[in-house]
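Asks: So that we are looking at the same thing, I have put the structure below in structure tokens.
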Amino acid sequence: MTTGASTPTYPARPRRSRVRTFLPLGVAAWLVLEIWLLTLVAGAASGFAVFLLLVAGFVLGSVVIKRAGRRAFRNLNEALQRGGAPSSSGSSGNGLMMLGGLLLMIPGLISDAVGLLLLIPPVQKAVGRYAERTFDRRLRAAGPGTLGDAFQQARMHRPDGKVVQGEVIRDTQDGPQDTPRDPRPPLTR
């Protein structure tokens, strides 16, 4: 039965990016490959050897993360003592060292190999330069104000979904700015 009202039209969904489409498939393939390699090594050596390999990777990863974190904290503390910003030369590889340590802590042989590669200083420099260039290129391509507009939109939406537009105007004539001239009622919903 129809009431004569038009059916609402919804805007078309935006297309999913390739990353959002293929990332779950890539993660699943990576997990299957990690498990397959672990069973292959367990068949060649023994299950206990694989267990020791995983424990050694976890311990080494935690040591690397702890060391990189201490170095980053020390660099930050020294910069605060000087009264300036932390230098990028002293802390260039801390983030990649922490990522390498995290990959070492994740059980698997591929993640361990990538984690060990990230601990090598020339690889850290190459990956750091590549990441910086990619970040700069994407930041320039994003256009001005896009990130700020996103934060502004997030702040303007109320929990019930309504958008509240507004502007604050302060009257700065004759008198202190902190104390209002007339008593104002409290703000309520």
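Asks: Restrict the check to the range 15-36 and report whether at least one residue is closer than 17 Å to Ile110 by Cβ and surrounded by 14 or more Cβ atoms within 10 Å (Cβ to Cβ). Outline the logic, then answer.
Replies: Narrowing the range 15-36 to residues closer than 17 Å to Ile110 by Cβ: 23, 25-36.
After this cut, where a residue has to be surrounded by 14 or more Cβ atoms within 10 Å (Cβ to Cβ) as well, the list is 34.
Looking through the range 15-36, at least one residue is closer than 17 Å to Ile110 by Cβ and surrounded by 14 or more Cβ atoms within 10 Å (Cβ to Cβ).
Asks: Restricting attention to the range 38-82, which residues are without any contact (Cβ under 8 Å) to a residue 12 or more places away in the chain and either among the hydroxyl-bearing types (Ser, Thr, Tyr) or touching an Asp or Glu at 6+ places or on another chain (Cβ under 8 Å) (or both)?
Replies: Thr39, Ser46
Asks: Between Gly93, Gly100, which is crowded, with 16+ Cβ neighbours inside 10 Å and modelled with pLDDT of 85 or more?
Replies: On the way: Gly93 fails: modelled with pLDDT of 85 or more.
Step by step, each of Gly93, Gly100 is checked, and only Gly100 is crowded, with 16+ Cβ neighbours inside 10 Å and modelled with pLDDT of 85 or more.
Asks: Say whether the condition of being exposed (fewer than 11 other Cβ atoms within 10 Å of the Cβ) and either at pLDDT 90 or above or among the aromatic types (Phe, Trp, Tyr) (or both) is met by at least one residue in the range 51-65. Before you say what the answer is, go through the steps one by one.
Replies: Just the residues of the range 51-65 that are exposed (fewer than 11 other Cβ atoms within 10 Å of the Cβ), to begin with: none.
No: the range 51-65 contains no residue that is exposed (fewer than 11 other Cβ atoms within 10 Å of the Cβ) and either at pLDDT 90 or above or among the aromatic types (Phe, Trp, Tyr) (or both).
Asks: Kindly evaluate Ser6 against the criterion of being at pLDDT below 90 and over 20 Å from Gly108 (Cβ atoms).
Replies: yes
The values are calculated or read from the model by the stated rules, or taken from the named source; none is laboratory data. Since the structure is predicted, the reported quantities are computational estimates derived from the model, not experimental observations. No Cβ is skipped: glycine too gets one built from the backbone with ideal geometry, and neighbour counts run over all protein chains shown.
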